[in-house]
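Here, each number is a calculation from the coordinates, and none is a lab measurement. Just so it is clear, the model here is predicted, and its values are computed rather than measured. Glycine also receives a Cβ, built like all others from the backbone with ideal geometry; neighbour counts cover every protein chain displayed.
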Amino acid sequence: MKRQRFLYSVLVAVCSLFILYAIIKNYVVDPNASAFLSHKTGLKRELNLPAWLNVMYVHVAFACLAMGTGLLNFSNRIFRKSRRFHRINGYVYLMSVFLVVLTSGYLAPYSTGGKMSSIGFNALNLIWPFITVMAVIGIRKKQIGRHRDWMIRSYAFCFTNLSIHLLASLFQYGFGFSYSASYTLGIYGSIILLLAIPEVLIRSLFPPAKPSILK
Ligand code: HEM
């Protein structure tokens, strides 16, 4: 229990910092995404900048909302205080996931790194809603453990952007890959990590009960 509380505090700190960073970077410091867009060379489709930016603003807003609402729903204290809040907040999370994926569907064909990156993002566009819907199905069937596990798996994808950029920096500065190759590797690396880390967490935080030999 103590370990869970500590992990949750770390999660609150990381998520709050990341949400703040995403808002300041994308709406205040670089609202035209010029740094990010400067790496887009040789695009197969012409990018309509105002439309791309507007979709990106919506994308970031709902991504932050998903991260925030998901975070609140992992709080035991809030859950104990109000089930109603947990339910409504959960549906806001669900809607946010679908809006991130919908906007991602628009952004993906123009992604940095070309077709390989697009394919990776489209894989994410299928994996994330599937996992999230599994969490909803779990709770509709009143299977709380299943719901919790699928929600942990779903929430991991709120770290997609952070993970892509961390891995891309590692490939670029650590191994000398070009920016766009590093970005593509970051996408695939993130898919693997964000599927694997929740499995480790679920097994270590909620180990399956050992069958008793004493009947
Ligand atoms: C939930 C946390 C997320 C945040 C905060 C976020 C934020 C952003 C931001 C700021 C960008 C602009 C470029 C950059 O800085 O990378 C971006 C681009 C993009 N995001 Fe997300 N995103 C998140 C999750 C996702 C997920 C889960 C997907 C896929 C299902 C996705 C798909 C995309 C795509 C396709 C692009 C365009 C990439 C490009 O043009 O190269 N994002 N995102």
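One table, with the values for the structure above:
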{"item": "Charge dipole (debye, nearest 20) of the range 97-198; +1 at Cβ of Lys and Arg, -1 at Cβ of Asp and Glu", "result": "480"}
{"item": "Percent RCO, i.e. relative contact order, over the range 42-176, from Cα pairs under 8 Å lying at least 6 residues apart", "result": "22"}
{"item": "Packing rank of 145-152, 79-86, where each peptide gets the mean count of other beta carbons within 10 Å, highest leading", "result": "145-152, 79-86"}
{"item": "Segment ARG83-VAL10, length gained on full extension (0.36 nm per residue, minus Cα span)", "result": "23.9 nm"}
{"item": "Expected 222 nm ellipticity per residue - DSSP helices of 4 or more, -39500 (n - 2.57), all of the chain, to 500", "result": "-25000 deg cm²/dmol"}
{"item": "Principal semi-axes in Å for the chain [√(5λ), Cα gyration tensor, largest first]", "result": "33, 19, 16"}
{"item": "Extension gain from ILE192 to ASN48, taking 0.36 nm per residue of separation minus the Cα-Cα distance", "result": "48.7 nm"}
{"item": "Alpha-carbon Rg/Rh ratio, for the range 103-171, with Rh computed the Kirkwood way", "result": "1.09"}
{"item": "Convex hull volume per residue in cubic angstrom - Cα atoms of the range 1-57", "result": "115"}
{"item": "Relative contact order (%) - criterion: Cα under 8 Å, at least six apart; region: the range 1-74", "result": "52"}
{"item": "Set of aspartates and glutamates with alpha-carbon distance to LYS141 below 19 Å, sequence-local pairs under 8 removed", "result": "ASP149"}
{"item": "Between 0 and 90°, nearest 10: helix 115-140 axis offset from the chain longest Cα axis", "result": "20"}
